[in-house]
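A short write-up of the structure that comes next.
The values are calculated or read from the model by the stated rules, or taken from the named source; none is laboratory data. Since the model is a prediction, treat every value here as computed from it, not as a measurement. In this analysis, Cβ positions are derived from the backbone assuming ideal geometry, glycine residues included, and neighbour counts consider all displayed protein chains. Please note that ligands, DNA and RNA were not included when accessible areas were found on the heavy atoms of the full protein model with its side chains. Shrake-Rupley method; radii C 1.70, N 1.55, O 1.52, S 1.80 Å.
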Amino acid sequence: MTVNGDPLPVGEDDLQGWLDGHLGQERHARVEAWLAENADTATRFRAMATQRQALRSSLGERYAAPVPARLRVAHLLTARRQSRLHGLHRIAAVAAWLLIGGVAGWAGHGLVPQGATAMRPMVAEALSAHRVFAADAARPVEVAAAQEAQLVGWLSNRLGRPLVAPDLAPLGYSLLGGRLLAGAAGDPAAQLMYAGPGAERLTVYLRADRAGGAGTEFRFAEMPAQGVTAFWWVDRGFGFAVAAEGLERVMLQRVAESVHRQVARSQAL
Amino acid sequence: MGGGEPAMAALIEPHIPALRRFAWALLRDTTAADDLVQDCLERAIARWHLRRQDADAKAWLFAILHNLFRMGRRSASRRGQAMPLDEEGWMVADPTAEHVAEHRLIWRDALLALDALAEEQRVVLLLVGVEDFSYEAAAQLTGVPVGTVMSRLSRGRERLRRLIAGDSAPDTGKPQLRRVK
């Protein structure tokens, strides 16, 4: 902290640090010495220290109060299991909450794509959903590919249209599974997740998208800060986005074309 | 990592008293505060598998609670609802308390004076001064730069000091009694 024996001048941050006991021993002594020479400031800060303590004391009984049963984790887990039995709406609701505010609030930045307001909601959701779930090593999907028929049946049912899980094996991507999400307008949305040769993730996001202004041609979108990119298109009232992180644009487009072809061929959508 | 539900409970449970204290200090209503904490815990449980493995559980829980608190505030103000009144209801109980000398008495209670601060200042004073978060953690948790945390802390504490000292300082004007119905 010293340059040629000349300590850094005491600043407001030092004084706050002094109040909160965040200073190292040496700096603390330096601030104490400075306060001894600056009586007015010392008086102010000692008053603040007293108030800081008063605040802590007056909230002490709140801290010591017994925790009500309804706030026990075990209790909340039981309630959660019961409500899960009611169906999968809840998963969708939680996921929607996540996409809207949760992780974005925690990270303070970055989850909702920059300029998301200008981005078509379906595409912004696809990028965010990719970012959230592709990074999740423990539980990337809600229903695994082993139950592909069940997965496709479930998602078809929820989206109200027969779906297919595109076969991307020729391009080196195998289906991991999928999950149901809630789109911005409350429409159910599906995310299918694939793993590439190096386990890198690729997602296909789809939901009803009746907003005009887009045709069947491919468009490119990205979250620049995160390196998540997507090709997307809208076909007969349904929006699709194929998203990946750090994947070559050419390769991503090839995957998107394959998805588009398979969807068109199956006539399922 | 894993460890399942017992491990999750073991990481969450120790922070519940502090979450309740923080929520109560913000809302001043035990039921509303516990509702907020319950909301926070439900979301934490649902999102547990999404938590960064290296993230501090306490900071993560506080971030969720703070976020919910702000979201609740926004929707409450959109509906034009009054903020929750103090349990003590002191302003309602004593309409003659408009006299400045009376105010000075009231401000002597740090907890009541805290209410006169801007919400952002109150949050930072509680996170740093009561919940013992570092400035960096408080910044990350509230989604603002550290410099902003420092200035909110510095201004909030100075304002609190003046209120309690009964110092009718020019920069604060007269004490604003924000929760009078």
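Return the residues of region A:8-17 that are open to solvent by less than 50 Å² (accessible area, probe 1.4 Å) and either in contact with a strand residue (DSSP E or B) (Cβ under 7 Å, 6 or more places away or on another chain) or more than 12 Å from chain B (Cβ to nearest Cβ) (or both); say none if nothing qualifies. Don't jump to the end; show me each part of the working.
Just the residues of region A:8-17 that are open to solvent by less than 50 Å² (accessible area, probe 1.4 Å), to begin with: A:10-11, A:14-17.
Selection gives A:V10 alone.
Suppose the filter is modelled with pLDDT of 85 or more and within 30 Å of the chain's Cα centre (by Cα); does A:A95 pass it? Steps first, answer last, please.
Values: modelled with pLDDT of 85 or more: no; within 30 Å of the chain's Cα centre (by Cα): yes.
No.
This table checks each residue for (1) part of a loop (DSSP other than H, G, I, E, B); (2) modelled with pLDDT under 50; (3) among the small types (G, A, S); (4) out of contact with any strand residue (DSSP E or B) (no Cβ under 9 Å at 6 or more places or on another chain).
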residue: B:Q81; (1), (2), (3), (4): yes, yes, no, yes
residue: B:R104; (1), (2), (3), (4): no, yes, no, yes
residue: B:G129; (1), (2), (3), (4): no, no, yes, yes
residue: B:F133; (1), (2), (3), (4): yes, no, no, yes
residue: B:R157; (1), (2), (3), (4): no, no, no, yes
residue: B:G173; (1), (2), (3), (4): yes, yes, yes, yes
residue: B:L177; (1), (2), (3), (4): yes, yes, no, yes
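Every listed requirement among (1) closer than 23 Å to A:S58 by Cβ; (2) more than 8 Å from chain A (Cβ to nearest Cβ); (3) not small (G, A, S) is met by B:R21 save one, (2). Has region A:224-245 got at least one residue that is part of a strand (DSSP E or B) and surrounded by fewer than 16 Cβ atoms within 10 Å (Cβ to Cβ)? No, every residue in region A:224-245 fails to be part of a strand (DSSP E or B) and surrounded by fewer than 16 Cβ atoms within 10 Å (Cβ to Cβ). Of A:R254, A:R261, A:R207, all but one fail to be assigned by TED's automatic domain parsing to the domain that holds A:V132, in contact with a strand residue (DSSP E or B) (Cβ under 8 Å, 6 or more places away or on another chain) and charged (D, E, K, R); the exception is A:R207. For region B:22-46, a residue qualifies if it is part of a helix (DSSP H, G or I), under 22 Å from B:Q121 (Cβ atoms) and open to solvent by 30 Å² or more (accessible area, probe 1.4 Å), and exactly one does: B:A32. Cβ-Cβ distances below 7 Å connect no pair with a first residue in region B:143-154 that is over 14 Å from B:F133 (Cβ atoms), a second residue that is β-branched (V, I, T) and surrounded by 17 or more Cβ atoms within 10 Å (Cβ to Cβ), and a separation of six or more residues or different chains.
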